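I have placed the structure first, in the form of structure tokens, so that the comments after it can refer back to it.
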Amino acid sequence: MTGRRVFIGLMVVLGAMYVEAIREVFFVAPVERVMGIVQKIFYFHVSAAMTFFLAFVVCAVGSVAYLVTRKARWDALAAASAEVGVLMCAMVLLTGPLWAWPVWGTPWVWDDPQLMLTLGVFLVYTSYLLARSLLGGDAAGRRLAAVLGILGALAIPFIHYAVQLWGGHHPRVMRGEGGGLDPTMRRVFALCVVSFLGLYGLLLWTRMRLFLDEARLRVLQNRVETEVA
Amino acid sequence: MQQLGVLLWKDLRLELRSREVVYTSVFFALLVTVISGFAFLRHAGAGEKVAPGILWIALTFSGTLGMNRTFGREREDGCLQGVLLAPVPRPAVFLGKLVANFVFMATAAAAMMPLVALFFEPRLFAHGGGIGLCLALGTLGFAAVGTLLSAGLSKARLRHVLLPIVMYPLTLPAVISGVMATTSILAPGPDAAAQARAWLVLLGGYDVVFLAAAIFLFDPLVRE
């Protein structure tokens, strides 16, 4: 019961943080000189991007731990983290074009390294989730999912280098990030990052518990069925 | 090493008798090439632009087709269980399958490269060595990931559907660097040669990392 209270408490705090983050993004942070109001999307866009990288690293860690220990909670951690990561990744892929259309003049380009990296990573982990859901929850499926989680993390640096080598035509200044961030912008951005990491943690917790409850329910179900038979 | 040879020879002999993987892969590659021809080439002269892409699409698509059969044969009558229970180190089992897959894919690639060259880009012949190296490296990376994943999928109900779905995103870096290396090799100038080298290094690095990971992960993947 205390777990539930802590959870609700954290949810309230996080909700307040998001309200404050949105307020600061629009009313405290200065409007960017060149890109104007469109740049505001960057606060959530980049925060979500940082979160999905963390989520996929956690997925790989959970996968390794599952293969070594074969404990269900590590598998649940990997699966839950990948789900939240794909959600964040989808958010990055949605907010990116919203920003790029007015700033670059086109919603999508095939030669921007970061965009291609995000797309590649999105495909890797969407296929991971798809495989998980189609394989079912048996042990062989969980082992394969763990292998996919590890290979996915190994693929990320290669996709990164490949798209770096491929692109390299895009003006860096246009990306709206880097060292020259206004101090107020930086503070608001930090609040957004912390809010997103908090959201990630909370969703991860909920989803993991759901996974473990589902597994427990399956065990009970099997027991009832065998006892009835 | 000797055990690896025995396992490999078993798969190669099975294939030599039935020729089902090589025949279907080569014919499938031909179909992909012809469909690409109809899809991309209404005007003469576009061939050189799309040839590297067509080559790699044909390689990856036909590769998955053969890969699906790797453990297909073993599944019948519990052969896989038998092979895994034999007193043979797991890496040898994996490498036997991997080399067999590599040989099948390489055969298909060797058959379709002249085809793509004749249809779209005769200059592929002139750069045969470089393109061959590209295809060999790409095939190795593909075979490493594909063999591992098809081992994991061998008992899954939807394995035929799932293999390409999980394999293509993971082999994306190999495909990107393969296509780009091929394109750079065909392009003239020292700049392009340096580019080609950079892409080949990336492709080689992918092979090393994923081959090592696959050898390492095979045992935990198949161990109950």
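The values are calculated or read from the model by the stated rules, or taken from the named source; none is laboratory data. Bear in mind that the values here come from a model prediction, so they are computed numbers and not experimental data. Here Cβ is always computed from backbone atoms with ideal geometry, including for glycine, and neighbour counts include all displayed protein chains. Side chains are part of the model used for accessible areas, which takes the heavy atoms of the whole protein and leaves out ligands, DNA and RNA. Shrake-Rupley method; radii C 1.70, N 1.55, O 1.52, S 1.80 Å.
Key figures for this structure:
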read-out: Some residue of the range B:43-57 being open to solvent by 20 Å² or more (accessible area, probe 1.4 Å) and at pLDDT 90 or above; value: yes
read-out: Answer from B:A151, B:A144, B:A156 - the residue that is within 14 Å of another protein chain (Cβ to nearest Cβ), among the aliphatic types (A, V, I, L, M) and outside any helix (DSSP H, G or I); value: B:A156
read-out: Verdict on A:R143 being among the basic types (K, R) and open to solvent by 30 Å² or more (accessible area, probe 1.4 Å); value: no
read-out: Filter result for A:W110 (aromatic (F, W, Y), open to solvent by 20 Å² or more (accessible area, probe 1.4 Å) and more than 22 Å from A:L165 (Cα to Cα)); value: no
read-out: Boolean, B:L14 is among the aliphatic types (A, V, I, L, M), touching a residue at least 60 places away in the same chain (Cβ under 8 Å) and open to solvent by 30 Å² or more (accessible area, probe 1.4 Å); value: no
read-out: Among the residues listed as A:V61, A:V103, A:V84, A:V68, the single one being of a type in the set (V, I, T), touching a residue at least 40 places away in the same chain (Cβ under 8 Å) and open to solvent by 30 Å² or more (accessible area, probe 1.4 Å); value: A:V103
read-out: Test set (1) within 30 Å of A:V34 (Cβ to Cβ); (2) within 7 Å of chain B (Cβ to nearest Cβ); (3) over 22 Å from the mean Cα position of the chain (by Cα); (4) not basic (K, R) - A:G105 fails condition number; value: (2)
read-out: Extreme residue, nearest to A:V124 (Cα to Cα), among residues of the range A:35-53 that are in contact with a helix residue (DSSP H, G or I) (Cβ under 7 Å, 6 or more places away or on another chain) and open to solvent by 30 Å² or more (accessible area, probe 1.4 Å); value: A:M50
read-out: Residues that are over 14 Å from A:F196 (Cβ atoms), at pLDDT 95 or above and away from chain B (no Cβ under 14 Å), drawn from the range A:26-57; value: A:V57
read-out: Residue in the range A:40-51 that is touching a residue at least 12 places away in the same chain (Cβ under 8 Å), part of a helix (DSSP H, G or I) and over 30 Å from A:A153 (Cβ atoms) present; value: yes
read-out: Close pairs (7 angstrom Cβ cut-off, 6 or more residues apart or separate chains): over 15 Å from A:L10 (Cα atoms) in the range A:201-222, acidic (D, E) anywhere; value: A:R207/A:E83
read-out: Hits in the range B:83-95 (condition: more than 16 Å from B:G152 (Cα to Cα) and either of a type in the set (D, E) or not in a loop (DSSP other than H, G, I, E, B) (or both)); value: B:L85, B:A92
read-out: Residue list for the range A:79-102, filter: more than 14 Å from chain B (Cβ to nearest Cβ), within 22 Å of A:C59 (Cα to Cα) and of a type in the set (A, V, I, L, M, F, W, C); value: A:A79, A:A80, A:V84, A:L87, A:M88, A:A90, A:M91, A:V92, A:L93
read-out: Count of the range B:106-131 residues which are open to solvent by 50 Å² or more (accessible area, probe 1.4 Å) and part of a loop (DSSP other than H, G, I, E, B); value: 2
read-out: Qualifying residue in the range B:180-192 (condition: out of contact with any Asp or Glu (no Cβ under 7 Å at 6 or more places or on another chain) and facing chain A (nearest Cβ under 7 Å)); value: yes
read-out: Qualifying residue in the range B:64-73 (condition: open to solvent by 90 Å² or more (accessible area, probe 1.4 Å) and either of a type in the set (S, T, Y) or in a helix (DSSP H, G or I) (or both)); value: no
read-out: Qualifying residue in the range A:73-80 (condition: open to solvent by 10 Å² or more (accessible area, probe 1.4 Å) and either farther than 16 Å from A:F211 by Cβ or of a type in the set (S, T, N, Q) (or both)); value: no
read-out: Single unsatisfied condition, B:A126 versus (1) more than 9 Å from chain A (Cβ to nearest Cβ); (2) under 24 Å from A:I159 (Cα atoms); (3) of a type in the set (A, V, I, L, M); value: (2)
read-out: Condition broken by B:F120, with the remaining ones in (1) touching a residue at least 12 places away in the same chain (Cβ under 8 Å); (2) closer than 27 Å to A:L130 by Cα satisfied; value: (2)
read-out: Counted residues, the range A:125-138 - those being open to solvent by 40 Å² or more (accessible area, probe 1.4 Å) and without any contact (Cβ under 8 Å) to a residue 24 or more places away in the chain; value: 4
read-out: Enumeration of residues in the range B:200-224 that are over 30 Å from A:R142 (Cβ atoms) and either open to solvent by 10 Å² or more (accessible area, probe 1.4 Å) or facing chain A (nearest Cβ under 7 Å) (or both); value: B:L200, B:V201, B:L202, B:G204
